[in-house]
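Asks: Attaching a single structure in structure tokens format; questions to follow.
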Amino acid sequence: MQIDPWGKSQYQDYGRLRAEFGIEEFTPQEWQAFDQPHMLLRRGVVFGHRDFQRIRDAVRRHDPWAVMTGLMPSGNMHFGHKMLMDQCIAHQESGADVHIAVADFEVVAARGFTLDKAREIALDQYVANHLALGLDPNKAEVYFQTTRHRVKDLADQFATKIKFGQMQSMYGFGPETSIAHVNAPIVQAADILHVQRDEFGGPRPVLVPVGVDQDPHIRLTRDIAQQWRRYNLLQAKDGVWILAVKGEEKQRWLDVAESALEELGMGTRTGRKRNDKHGQIVLGKQCSNRDIRALDLALARAEAKKGELGLLRPSASFHRFMTGLTGDKMSSSDPDSSIFLTDEPAAAKKKLMRSVTGGKATREEQERDGADPSKCPVYEMFLYHLAEDDNHLQQVHDECTGGERLCGGCKTEAAELLMDMLKQHQEKRDATEHLVAEIVRAD
Ligand code: TRP
Ligand code: SF4
């Protein structure tokens, strides 16, 4: 199985995705880092992660951390996109600063849009709706890939160490692929990593909440971050190894590492052994994984202070896709499959009433055997958006499987909630639209 970020697949076998790509399960232990875990976390809609432990550490210790996401300005913002922004806003409320990239470089490179069109869609469809959903402009910024020179410079720098063969095997690029398209994932890596540069907050844990189609980009970004580090940390049988990676200046970097260890109070406790010739420091066995993560962060900061990039590998969380009302993936290019945040409430109701369901062919059958919410886009609307109260959701679920709930009435209930939600959202949008100018950064 290969994941294609520009393809149309739904990737619904989440267990297999975790197993095959080494995505970790997102368990209660993870989401309990937050005082009030968002419903998308509690409900397993966010089903997996990479390195979320770094975020957990930061939340628990009230250390700074960031959320980085990007939007593809290729069509209207639908409820699948809303889900992602809901998650970002919840994280902002628990302390993260939020950075949003408008993927205008990517949309031109991979989809042939014009920059003007991309800009218009981004502001009108996405940014205005983000603000209406509750994104706080005081702790968030939106920028465009094509105008932030920090991102472009970093992408150029990263590109010096990336081989075409590597991009080819990761993405299936071939002789007919444009160079701009090959560059797009590198620009995305720069998006994700530049927020750790000093002027954007310095080295710190960064969470990238995405759909699993973006995982190849996440892996590439994590590889790039590590590629530019001065140290590798290894957990071996005899303890933790700090390896200074560059030949010439190993000793100097070992000095830097030793001061970082002192500052962390990890020096004497673990009884370290330094080997200048091999550029190694070996710490005793007592290091916990959390100690190692703290050390990694301290070393990244020390590297950045000395003029290196010093970028921590980003963390990611992966959410399930929304099923469209037609049963395929919810997609902007198929208006019948999607509810958009700018839909007239009455029009949205109509679409929802026409949705496929997990219901049975006849009323008798459904009353006797119950229906299947796990195959129902209407249930998904309750699960992801409409039923904030867990008891309400449970009730919908149990009545559906128990045969007490029939699809017509169920849709009507969902449609009423949806119309209310859209009406309130659109009023809020009118009231917050003036903030667009504030949240969008000129460069
Ligand atoms: N490639 C992403 C998409 O197709 C958009 C994107 C650009 C992005 N930069 C990003 C996503 C940084 C997360 C982080 O939707
Ligand atoms: Fe879906 Fe509701 Fe029908 Fe159950 S009763 S299958 S949740 S529409």
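Asks: Can you check what the net charge comes to around ALA304, using other residues whose Cβ is under 15 Å from the Cβ of ALA304 (Lys, Arg +1; Asp, Glu -1)?
Replies: Local net charge: +3.
Asks: Of GLN366, GLN125, GLN196, which has the largest mean-square fluctuation in a 10 Å C-alpha GNM of the chain?
Replies: Per the Cα network of the chain with a 10 Å cutoff, GLN366 tops the list.
Asks: Given the DSSP H assignment, sum -39500 (n - 2.57) over each helix run of at least 4 residues in the chain and divide by its residue total; what's the result at 222 nm in deg cm²/dmol, nearest 500?
Replies: Working: 21 runs with 209 residues, N = 443.
The helix contribution divided over the chain gives -14000 deg cm²/dmol.
Asks: May I pose another question? Would you mind telling me which residue in ASP238, ASP296, ASP104 has the biggest mean-square fluctuation in a Gaussian network model of the chain, where springs connect alpha carbons within a distance under 10 angstrom?
Replies: Among ASP238, ASP296, ASP104, the largest mean-square fluctuation in the Gaussian network model of the chain belongs to ASP238.
Asks: Take region 174-241, compute every pairwise Cα distance, and split them into 5 Å bins from 0; I just need the percent in each bin.
Replies: 4, 12, 19, 20, 18, 12, 8, 4, 2, 1
Asks: Counting only other residues whose beta carbon sits under 14 Å from that of LYS152, what net charge do I get with K and R as +1, D and E as -1? Walk me through the intermediate numbers first.
Replies: Numbers: positive: ARG148, ARG150, ARG197; negative: ASP104, GLU106, ASP153, ASP156, ASP191, ASP443.
My count for the surroundings of LYS152 gives -3.
Asks: Determine the share of region 327-375's accessible area contributed by carbon and sulfur atoms, expressed in whole percent, with a 1.4 angstrom probe. Intermediate values should be presented prior to the final figure.
Replies: Details: 1300 of 2740 Å².
Carbon and sulfur atoms account for 47 percent of the accessible area of region 327-375.
Asks: At a 1.4 Å probe radius, carbon and sulfur cover how many percent of the accessible area of region 134-205? Before the final figure, lay out each step's value.
Replies: Details: 1560 of 2970 Å².
So the carbon and sulfur contribution to the accessible surface is 53 percent.
Asks: Here's something else I'd like to know. Would you look at the GNM of the chain, springs on alpha carbons closer than 10 Å, and say which of VAL67, VAL98, VAL182 moves the most?
Replies: Checking each option, the largest mean-square fluctuation is seen for VAL182.
Asks: Using only the alpha-carbon atoms of region 208-247, report the extent along each of the three principal axes, biggest first, to the nearest angstrom.
Replies: 38, 25, 13
Asks: While we're looking at this one, here's another question. Could you give the distance between the Cα centres of region 224-248 and region 292-352, to the whole Å?
Replies: 30
Asks: Using the Cβ atoms and a cut-off under 14 Å, what net charge is assigned to the surroundings of ASP369, where Lys and Arg are +1 and Asp and Glu are -1? Walk me through the numbers before you get to the answer.
Replies: Details: positive: LYS360, ARG363, ARG368, LYS375, ARG405; negative: GLU364, GLU365, GLU367, ASP372, GLU399, GLU404.
Neighbourhood net charge equals -1.
Asks: Among the listed pairs LYS117/LYS351; LYS161/LYS329; LYS350/LYS423; LYS161/LYS250; LYS163/LYS237, give every one whose C-alpha distance is greater than 25 Å. Kindly include the intermediate steps, with their values, before the conclusion.
Replies: On the way: LYS117/LYS351 27 Å; LYS161/LYS329 36 Å; LYS350/LYS423 15 Å; LYS161/LYS250 21 Å; LYS163/LYS237 33 Å.
Table pairs above 25 Å Cα-Cα are LYS117/LYS351; LYS161/LYS329; LYS163/LYS237.
Asks: Taking only the alpha-carbon positions of region 291-373 and ignoring solvent, what does the Debye formula give for the base-10 log of I(q)/I(0) at q = 0.12, 0.15, 0.17, 0.24 Å⁻¹?
Replies: Values, matching the q order: -0.62, -0.71, -0.80, -1.12.
Asks: Give me the accessible area per residue for region 265-357, probe 1.4 Å, as a whole number in Å².
Replies: On the way: 4170 Å² over 93 residues.
Per-residue accessible area for region 265-357 comes out at 45 Å².
Asks: Also: Send over a whole-number figure in Å² for the accessible area per residue of region 34-99, probe 1.4 Å. Walk me through the numbers before you get to the answer.
Replies: Values: 2040 Å² over 66 residues.
Heavy-atom SASA per residue in region 34-99 reads 31 Å².
Asks: Where the eigenvalues come from the Cα gyration tensor of region 91-184, what are the semi-axes √(5λ) of the equivalent ellipsoid, largest first, in whole Å? Numbers along the way, then the final one.
Replies: Numbers: eigenvalues 170, 58, 28 Å².
Over the Cα atoms of region 91-184, the ellipsoid semi-axes are 29, 17, 12 Å.
Asks: Next question, about the same structure. Taking the C-alpha atoms of the chain, how large are the radius of gyration and the largest Cα-Cα span, Dmax, in Å?
Replies: 23.7, 79
Asks: Which of the three applies to region 1-123, rounded, prolate or oblate, going by the alpha-carbon gyration tensor with a ≥ b ≥ c and a/c under 1.5 meaning rounded? It would help to have the intermediate numbers written out before the result.
Replies: Numbers: a/c = 2.19, a/b = 1.38, b/c = 1.59.
Oblate is the answer for region 1-123, as a/c is 1.5 or above yet b/c matches or exceeds a/b.
Asks: Right, another one. Could you please state how large a percent of the accessible area of region 399-443 is carbon and sulfur, counting protein chains only and using a 1.4 Å probe? Don't jump to the answer; show the numbers that get you there.
Replies: On the way: 1320 of 2470 Å².
Answer for region 399-443: carbon and sulfur cover 54 percent of the accessible area.
Asks: Just round it to a whole percent: the fraction of Cα-Cα distances in region 15-81 exceeding 18 Å. Don't skip to the answer; put the middle values down first.
Replies: On the way: 1125 of 2211 pairs.
Result for the distance tail: 51 percent.
Asks: How long are the semi-axes of the equivalent ellipsoid of region 250-340, taking √(5λ) for every eigenvalue λ of the Cα gyration tensor, in whole Å from largest down?
Replies: Details: eigenvalues 451, 48, 22 Å².
Ellipsoid half-lengths, sorted descending, are 47, 16, 10 Å.
The values are calculated or read from the model by the stated rules, or taken from the named source; none is laboratory data. Note that the structure is predicted; figures quoted are calculated from it, not measured. No Cβ is skipped: glycine too gets one built from the backbone with ideal geometry, and neighbour counts run over all protein chains shown. Ligands, DNA and RNA are excluded from the accessible area calculation, which covers all protein heavy atoms including side chains. Shrake-Rupley method; radii C 1.70, N 1.55, O 1.52, S 1.80 Å.
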